[in-house]
Every structure is written in structure tokens, then in C-alpha cells.
Amino acid sequence: MRERIVAFSRTPYALILLGYLLLRAGGFLGVQTVEYRDTEGYLEVASHSVFSLDFLAGGRSWTVPLLWKVLPDADSERAAGQFLVSVACWPLLAAAVARALRPTAYRYVAFAAVLLFSLSLAVIRWDVVMLSESVSISLTALVLAGWLELVRAPRPAMVVALLAAMLLWVFARDSNGVIALMTVPLALIWVVRPAPGLGRGWAAGLAGGTLAIFLAGLLATTTDQAQLRRSERPILHVVGRRVLAEPDKTRWWRDHGMPAPPPRVVRERRSLAGIAEGGLPTDPQTEAFLEWAREEGRGTLARYLLTHPAETLREPFSKRQRLLSGVTVGYLSPNARAVVPEPLDELVYPRDAQDVYFWLVVVGLGTAALALTAGARRVWLVPAVALAVQVPHALVVYHGDTLEVPRHAILVAITTRLALLLLLLLALDRALEAVHGRMSDGRRSVAA
């Protein structure tokens with residue numbers, strides 16, 4: 001290990017990493033931490049024993065409370081913990097990308113590009129925010145690094161490491177469980193066609209472990225506290241702010257079991273969660289309606305979305321800027337500061353949804369053309385799949401709640417941009433290889 005550290009310190013990677021750490025420290029040290037109303041929910045879960053249901057299946061997923069629990073009880077210490085997790089995960093992703101490339105100087109460029117992406121204000125702003133975003137973003141980078149390593153060189157040790165990362169990632173944010181479930185088919189491919197270095201047993205273990213993590217995350221939302229904060233409140237927002245706001249939706253829901261909304265529900269439809277939690281007056285008819293929404297609302301919503309595919313896709317697409325903005329007004333420290341110049345920041349992390357679509361077309365068509373002419377590499381699957389699953393991810397986020405959609409969709413915004421960057425870096429390496437091969441063939445022809 002000592003020899004490896006000494007050898008690493010003599011490479012350009014060490015200099016790039018040192019500069020990165022200094023810039024990250026410059027964007028973190030002295031920046032004021034900020035709390036929000038939801039912060040108290042994470043602190044409440046962290047106050048319980050790690051072996052209790054109040055912790056493992058409480059009002060908030062347990063990854064962030066677990067981190068906060070092992071840190072001193074102060075916002076500055078919790079922010080420092082989130083910062084350290086971030087500066088550990090992003091270099092691991094940068095290293096995984098570099099290892100997936102040919103051993104040329106281009107590796108250093110790709111390594112630096114990934115770290116530059118993580119220096120964007122859209123990423124580093126969350127380190128001092130006492131919510132789940134910072135840890136969720138960092139673990140997303142870690143999971144992508146794990147998949148890149150596993151696809152590049154399948155081996156049992158990486159299966160174990162990836163499952164551990166995915167466990168923490170799924171329990172950092174409820175919607176991550178849906179994305180984890182969609183990666184099960186990738187592991188099942190290896191069960192049918194075993195990869196060198198990874199037998200059917202380990203591939204089945206990866207698929208089964210991922211499925212078990214998804215189911216555990218699902219079960220963790222069935223307790224009373226979890227139902228209140230993670231299921232009931234969101235569905236009441238959907239019923240009040242979307243279903244009752246549109247006559248066509250109201251009629252469909254009425255035809256499928258929803259009781260007629262009483263006058264108080266109609267009048268206070270935007271505040272149904274407040275009524276359910278005792279913050280506003282209620283009455284027996286209102287309570288009966290709310291009870292139906294709590295018990296049957298999620299199932300009815302699922303049936304509506306499945307039977308109205310055009311509407312299911314149209315609504316989120318019309319709100320694509322909110323889903324892809326990656327910036328939520330108000331969630332920023334008063335003295336937050338950028339660490340890279342704004343033009344460079346906007347280049348590596350384009351803000352507007354139209355810019356994301358532009359790069360999606362350019363990178364998508366360019367990669368497809370390169371795959372047809374020069375051949376693809378299997379590691380391209382990782383960013384390609386990460387990009388594809390953001391569509392169902394966005395649907396889950398948008399239709400699952402109505403409040404703070406940009407914040408809840410932060411991983412959709414960041415992962416979309418990050419996946420495009422990774423795909424671009426991997427494809428450019430293949431393009432450079434193809435150009436170099438043609439030049440070598442030309443030189444041989446001239447010599448002959």
C-alpha cells in the first residue's frame with residue numbers, strides 16, 4: 001500500500017486530485033450551514049437506536065440519519081461529514097472512468113473532467129444544507145463508479161462492494177429503490193451469459209441482492225411513521241392539488257372508487273395534508289374522504305397512470321424545466337460561493353433543459369455512429385442505462401408528489417448531465433483509438 005501511494009504521488013493524478021481538494025475546501029470552509037423544516041425529521045430518526053423500527057423504518061430513510069448519528073451533534077460537524085463523503089465518492093468515480101479508458105494521456109483529461117463536474121455550484125451547494133441531497137448525490141457517484149468497475153472487470157469483490165453502495169444509496173432516497181430495481185435485468189444477463197471472472201452464482205447474487213434491497217426499501221415505508229411522512233402526505237398532495245384541480249381526473253377517480261369530496265375538502269384541497277395532521281379544522285365527512293385517500297389513493301394513482309400513458313408522459317414533459325433545472329430557489333447558503341468561473345461552470349453543468357436536450361442529441365447520435373463504425377465497448381452500457389432510467393425516475397418523482405419537485409428531482413437533473421458526460425468521455429476514447437488506428441494503417445501503407 002505504501003509503495004502504491006508513493007507511485008500515485010508521482011503521477012499527474014495526484015496533482016489533479018490535490019487541486020481538486022483545494023478547490024472543494026475553498027467552496028466549503030467558512031460557508032454557513034442552513035437548516036430547513038425537514039431537517040428535524042432526519043434528526044428525529046437519528047435520535048433512535050439503529051436496531052429500532054423507528055430508525056430502520058422511520059419517517060425518513062436511514063442513510064443520512066446514520067451519518068449524522070456518528071458525528072458530533074452540531075450542524076457544522078454534520079456538514080463536514082457530508083463534505084468528506086462527497087470528496088471521497090467523486091474521486092472514486094473519476095478513477096473508475098479513467099480505468100475504463102486506454103492507458104494514454106487522455107485518462108488524465110477524463111479524470112479531471114469528472115472532478116470538474118463535481119465542482120459545479122449545483123453539486124457543492126448541498127454540502128452545507130441539512131437535508132439528504134448531499135449524501136444522495138455523493139452515493140450516486142459511488143454507485144456509478146461501482147457499476148463501471150464491475151462491467152469493466154467483473155469480479156466477486158466488486159459485487160459485494162456494489163451491493164453495499166446500493167444499500168446506502170437506496171436508503172438515502174425512496175425513489176432510488178425504483179432505479180435499483182431496473183438494474184436487476186443487467187445482472188440477469190450475466191446469469192444467462194456468464195462474464196469472465198464472474199460466475200452465474202455471483203451474477204445471481206447481484207440480481208437477488210439488488211432485488212432484496214429494493215424490497216427492504218419498500219417494506220421500510222410500511223410503518224406508521226413512514227406511512228405518515230413518506231406515503232400519506234405525498235398522496236394527499238397529489239389528490240388535492242392535481243386530481244381535484246381537474247374535472248376530467250376527478251371524474252375518473254370518482255368512477256374508480258373515490259368518494260365525493262365534501263365541501264371542506266373542495267375548499268381546502270391544497271391543504272389536505274394539513275387537515276389530516278390536525279393543523280386545520282375537520283369533520284366526519286372530510287375524515288372519511290381522507291381515510292380513503294390514505295388507504296386507496298396510491299393504488300388508484302398507479303391505475304390512472306398506467307391507463308393514461310399519454311397523460312403520464314405529457315405532464316412531466318411539460319414541466320421538464322422543473323425536473324431538469326437542478327437548482328431550487330432558496331436551498332442555498334447565504335454566503336455560498338462558486339469555485340470555478342461561471343462560463344466554465346455552465347459548460348460542464350448546463351443549466352437550461354434545452355441545453356441538456358442539445359447535448360443528448362449530440363452525444364447520443366455521435367455515440368451511435370461511433371458504435372456502428374468503430375464498435376462499442378461494454379462500459380458504455382453504464383452511462384447509457386443511467387441515462388435511460390432517468391425517464392422512469394422523473395415520472396416517479398413528478399407523479400409521486402406535488403411539492404418541491406425541483407429538489408426532489410435533483411438526482412434526475414444531476415445524473416442526466418453526469419451520464420451524458422461519462423458517455424462522451426468513454427466514446428471520445430474510442431474515437432481517438434479509431435483515428436490513431438487509421439493513421440497507423442496509413443503510415444504502414446506509405447512505408448510499404
Quickly run through the range 20-50 and pick out the residues that are among the aromatic types (F, W, Y) and part of a loop (DSSP other than H, G, I, E, B). Y36
What number of residues within the range 264-284 satisfy the criterion of being within 22 Å of T402 (Cα to Cα) and either in a helix (DSSP H, G or I) or among the polar types (S, T, N, Q) (or both)? 12
Can you give me the ranges of the helices (runs of 4 or more DSSP H) entirely in the range 51-100 with at least 2 residues that are of a type in the set (D, E) and in contact (Cβ under 8 Å) with a residue 24 or more places away in the chain? none
If we keep just the residues of the range 329-347 that are touching a residue at least 60 places away in the same chain (Cβ under 8 Å) and among the small types (G, A, S), which is farthest from I124 (Cα to Cα)? S333
Verdict on R24 being closer than 25 Å to A113 by Cβ, assigned by TED's automatic domain parsing to the domain that holds V340, under 23 Å from the mean Cα position of the chain (by Cα) and of a type outside the set (G, A, S): yes
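Conditions (1) surrounded by 15 or more Cβ atoms within 10 Å (Cβ to Cβ); (2) more than 30 Å from A353 (Cβ to Cβ); (3) out of contact with any strand residue (DSSP E or B) (no Cβ under 8 Å at 6 or more places or on another chain), marked per residue:
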| position | (1), (2), (3) |
| --- | --- |
| R233 | yes, no, yes |
| G240 | yes, no, yes |
| L272 | yes, yes, yes |
| G279 | no, yes, yes |
| P309 | no, no, yes |
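Check the range 374-390 and report whether any residue there is out of contact with any Cys (no Cβ under 9 Å at 6 or more places or on another chain), assigned to a loop (DSSP other than H, G, I, E, B) and loosely packed, with under 13 Cβ neighbours inside 10 Å. Explain how you work it out, then say what you get.
In the first step, residues of the range 374-390 are kept if they are out of contact with any Cys (no Cβ under 9 Å at 6 or more places or on another chain); the result is 374-390.
Imposing the further condition that a residue be assigned to a loop (DSSP other than H, G, I, E, B) reduces the set to 374-377, 389.
Filter again for loosely packed, with under 13 Cβ neighbours inside 10 Å, leaving 375.
Yes - at least one qualifying residue is present in the range 374-390.
Among the residues of the range 290-308, are any touching a Lys or Arg at 6+ places or on another chain (Cβ under 7 Å), in a helix (DSSP H, G or I) and modelled with pLDDT of 90 or more? Write out each step before concluding.
Narrowing the range 290-308 to residues touching a Lys or Arg at 6+ places or on another chain (Cβ under 7 Å): none.
Scanning the range 290-308 turns up no residue that is touching a Lys or Arg at 6+ places or on another chain (Cβ under 7 Å), in a helix (DSSP H, G or I) and modelled with pLDDT of 90 or more.
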Answer yes or no as to whether R173 is modelled with pLDDT under 95, buried (at least 23 other Cβ atoms within 10 Å of the Cβ) and either over 19 Å from H393 (Cβ atoms) or touching a helix residue (DSSP H, G or I) at 6+ places or on another chain (Cβ under 7 Å) (or both). yes
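Within the range 389-407, which residues are farther than 15 Å from I235 by Cα and in contact (Cβ under 8 Å) with a residue 12 or more places away in the chain?
Narrowing the range 389-407 to residues farther than 15 Å from I235 by Cα: 389-394, 406-407.
Within the range 389-407, V389, Q390, P392, H393, A394, P406, R407 meet the criteria.
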Picking from A427, A368, the residue that is in the same structural domain as V123 (by TED's automatic domain parsing), of a type in the set (G, A, S) and buried (at least 21 other Cβ atoms within 10 Å of the Cβ) would be A427
Sole miss for Q354 among (1) closer than 18 Å to A409 by Cα; (2) outside any helix (DSSP H, G or I); (3) not charged (D, E, K, R) is condition (2)
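Please find, within the range 37-93, the residue that is farthest from the chain's Cα centre (by Cα) out of those that are basic (K, R) and surrounded by 15 or more Cβ atoms within 10 Å (Cβ to Cβ). Can you show your working first?
Residues of the range 37-93 basic (K, R): 37, 60, 69, 78.
Within this subset, residues satisfying the condition of being surrounded by 15 or more Cβ atoms within 10 Å (Cβ to Cβ) are 60, 69, 78.
On the way: R60: 17, K69: 23, R78: 21 Å.
Restricting to residues being basic (K, R) and surrounded by 15 or more Cβ atoms within 10 Å (Cβ to Cβ), the top hit is K69.
The values are calculated or read from the model by the stated rules, or taken from the named source; none is laboratory data. In this text the structure is predicted, and so the values were computed from the model without any measurement. Counting neighbours? That spans all protein chains shown, and the Cβs are built from the backbone with ideal geometry, glycine included.
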